[in-house]
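Quick notes on the structure that follows.
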Amino acid sequence: VKSMKLLNGEKPYQTPCHLFAVPDDEDPLSMHRFKLLSGEAPCFTNLADLDCIVYTLCLAHEAFLKKFGRAPFLAVAAKHGNPCGFAADWRDPGVVVEKALFGNPGAIWGGEFITNFAINEDLAALFYESDARKERFGSGFWMLDLVAAPSFLEEALAILGKRRARKVLENKALEDPRLFRKA
């Protein structure tokens with residue numbers, strides 16, 4: 001079943017390109033279950049990268065569940081699906097965003113970011129511009145091509161949408177990301 005028209009395939013000249021879904025797929029974190037809220041249509045590479053960071057987030061979430069019986073706020077910053085920043089905090093999602101972005105702030109340029117928590121206006125502002133980044137690199141702006149979270153407040157979408165090419169994807173199942181769900 002055709003699920004979503006993509007910007008292009010693995011290469012920009014590969015058009016048209018579509019995401020197809022298996023009709024009986026019950027995995028809540030399948031790529032076709034992510035809703036595009038802002039930005040241009042994702043391309044094949046964006047979805048391949050997203051698939052990788054979803055997997056990484058699931059592994060971290062499940063490790064915390066196994067060790068502590070609960071999971072903290074988690075975030076993965078990546079470039080082409082390869083983590084270059086990770087953070088966890090039990091109290092403050094803002095700390096998680098800052099730490100993950102600064103894992104390797106050069107590597108994240110044009111990359112992806114995923115969380116297991118909702119993005120509000122204050123958090124979206126951290127994704128958009130950072131005084132600490134400006135001090136270190138001369139520019140405070142983050143160029144993130146993709147941001148995924150369980151939900152986004154309208155005010156957050158207005159901030160993240162300032163960069164038209166940024167894909168903002170929502171999937172409620174990211175609140176409790178699991179590789180395998182018990183029936």
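So here's what we get for this one:
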item	result
Candidates C58, C52, C84 - the one that is in contact with a Leu (Cβ under 6 Å, 6 or more places away or on another chain) and either closer than 18 Å to K162 by Cα or at pLDDT 95 or above (or both)	C58
Counted residues, the range 113-130 - those being farther than 18 Å from K172 by Cα and under 13 Å from the mean Cα position of the chain (by Cα)	1
Qualifying position, being free of Cβ contacts under 8 Å to residues at least 24 places away in the same chain and either surrounded by 16 or more Cβ atoms within 10 Å (Cβ to Cβ) or within 20 Å of the chain's Cα centre (by Cα) (or both), among A77, A63	A63
Scan of the range 1-24 for residues that are open to solvent by less than 40 Å² (accessible area, probe 1.4 Å) and outside any strand (DSSP E or B), ordered by number	N8, G9, A21
Hey, A87 over 30 Å from A21 (Cα atoms), in contact with a Phe, Trp or Tyr (Cβ under 9 Å, 6 or more places away or on another chain) and surrounded by 15 or more Cβ atoms within 10 Å (Cβ to Cβ) or not	yes
Any hit, the range 21-30, residues being of a type in the set (D, E), modelled with pLDDT of 95 or more and under 17 Å from P150 (Cβ atoms)	no
Total residues in the range 90-116, condition open to solvent by 30 Å² or more (accessible area, probe 1.4 Å) and over 21 Å from P150 (Cα atoms)	6
Among residues of the range 79-112, those that are over 22 Å from E135 (Cα atoms) and either assigned to a strand (DSSP E or B) or not acidic (D, E) (or both), counted	11
Complete set of residues in the range 128-160 that are in contact (Cβ under 8 Å) with a residue 12 or more places away in the chain and not hydrophobic (A, V, I, L, M, F, W, C)	Y128, E129, S130, R133, R136, D145, P150, S151, E155
Per-region count, the range 35-60, residues β-branched (V, I, T), under 12 Å from the mean Cα position of the chain (by Cα) and open to solvent by 30 Å² or more (accessible area, probe 1.4 Å)	1
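Matching residues to (1) of a type in the set (K, R); (2) modelled with pLDDT under 95; (3) closer than 12 Å to S38 by Cβ; (4) within 12 Å of the chain's Cα centre (by Cα):
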position	(1), (2), (3), (4)
V147	no, no, yes, yes
L153	no, no, no, no
R164	yes, yes, yes, no
V168	no, no, yes, yes
L174	no, no, no, yes
F180	no, yes, no, no
A183	no, yes, no, no
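The values are calculated or read from the model by the stated rules, or taken from the named source; none is laboratory data. Given the structure is predicted, the values throughout are model-derived calculations rather than measurements. Note that each Cβ is placed from the backbone with ideal geometry, even for glycine, and that neighbours are counted across all protein chains shown. In case anyone asks, the SASA skips ligands and DNA or RNA and just uses the protein heavy atoms, side chains included. Shrake-Rupley method; radii C 1.70, N 1.55, O 1.52, S 1.80 Å.
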